[in-house]
1. Could you tell me which of ALA128, THR91, THR58 has its Cα farthest along the dipole of segment 57-140 towards the positive end, charges placed at Cβ (Lys, Arg +1; Asp, Glu -1), taken about the Cα centre?
2. Please list, short to long, the whole-number percent of alpha-carbon pairs of segment 223-296 in consecutive 10 angstrom bins beginning at zero.
3. In Å, the Kirkwood hydrodynamic radius of segment 1-160 over pairs of distinct alpha carbons?
4. Below 8 Å between Cα atoms, with a sequence gap of 6+, how large is the relative contact order for the chain in percent?
5. For the chain, what is the charge dipole size about the Cα centre, in debye to the nearest 20, if Lys and Arg each add +1 at the Cβ and Asp and Glu each add -1 at the Cβ?
6. Filter the cross-link list LYS54/LYS217; LYS54/LYS118; LYS118/LYS217 down to pairs whose alpha-carbon distance in this structure exceeds 28 Å.
7. How large is Rg/Rh for segment 133-234, to two decimals, with Cα atoms and a Kirkwood Rh?
8. Just the number, please: percent antiparallel of the DSSP beta bridges in the chain, rounded to the nearest 5.
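Rule-based calculations on the coordinates, nothing more; no lab input. This one's a predicted model, so the numbers in the text were calculated from it and none came from an experiment. For neighbour counting, all protein chains shown are included, and Cβ atoms are generated from backbone atoms with ideal geometry for every residue, glycine included.
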Amino acid sequence: MSAERIDGKAYAAGLRQRLAAAVPAFERATGRVPGLAVVLVGEDPASAVYVRSKGKATVEAGMASFEHKLPADTSEADLLALVDQLNRDATVDGILVQLPLPRQIDEQRVIAAIDPDKDVDGFHVANAGRLAVGQPGFVPCTPLGCLMLLQDRLGDLSGMEAVVIGRSNIVGKPMAQLLLGANCTVTIAHSRTRDLPAVVRRADIVVAAVGRPEMVKGDWLKPGAVVIDVGINRVPAAEEGKTRLVGDVDYASAAEVASAITPVPGGVGPMTIAVLLRNTLVAAFRRAGLAAPEGL
Ligand code: NDP
């Protein structure tokens, strides 16, 4: 068997088009476009690249992007003051503080200071709680993107066995909650799980969010499983001095057994920014007291 490649890049492009198409209705109703504020503290090169691409994608979708770049030695009090200002700014619908933050700043304190109704990353405990109890809130972008790809591929997920490998607050835990909400039977595996291959082998759906290059092998999978690879790992390439990106799943062997699998790059990665824009648009509609468009 050779698995079908789940094209996250194409799905994300379609989602971004649907979002851009929904912006004019918001603008007609409110006289402004949705706005996303992104805060970057320090000069971490990877974070700077993420922030740039988020800003570009926001503008491409017809929304307003507000970038705030602060020096690496910014105090926690100054960052909290900026968050407070953004909370009160009516033109800002979504606030994203790029992580990781420099050592002198307590990340949890900063996340807790963001207005939960503008928390488009879905990291605030209020939004984690809303997800857990099934209330509308904001769900972290990467796992929500994974759910969209799964539902696009499989339709109704009811009754399916899902195994999520990884239990981070950003990916694994919200992913498990989303799958539970979609009526899957969910197992969360982690570094203390015994006989991980046996646990993974019972899954119809495998979501790998581990951060270990090519850890999940084809012979761990049930034939026909659908595999979502969240991992982004940089490893040395064949060519001296170069690197390449691989996921947490050994794509070549997994593709022999799975029915469908996301590639790395081009799978889950492009979904994250598209869902961030989706959350921002939804935040804008909700804050204006308007119904968010269907099908986002
Ligand atoms: P974390 O490091 O926060 O969590 C990793 C999880 O994997 C932990 O729960 C850990 O278990 C578990 N784990 C580690 N080793 C093993 C093992 N040998 N067997 C089973 N479980 C193990 O990572 P994140 O959740 O933040 O990210 C996971 C991956 O996803 C990374 O590669 C990251 O780069 C990528 N990522 C990609 C995104 C995208 O946009 N595509 C966005 C976010 C992340 P324990 O809790 O016991 O330590």
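1. My answer, from the dipole projection, is ALA128.
2. 17, 31, 24, 18, 8, 1
3. Numbers: mean 1/r = 0.0573 Å⁻¹.
About 17.5 Å for segment 1-160.
4. Details: 606 pairs, mean separation 65.6, N = 296.
Once divided by the residue count of the chain, the mean separation gives 22 percent.
5. On the way: 31 positive and 33 negative charges, 67 e Å.
In debye, rounded to 20, the chain gives about 320.
6. On the way: LYS54/LYS217 33 Å; LYS54/LYS118 16 Å; LYS118/LYS217 39 Å.
Where the Cα-Cα span goes over 28 Å, the pairs concerned are LYS54/LYS217; LYS118/LYS217.
7. Values: Rg = 12.7 Å, Rh = 13.6 Å.
Ratio value, two decimals: 0.94.
8. On the way: 4 of 33 bridges.
Of those bridges, close to 10 percent are antiparallel.
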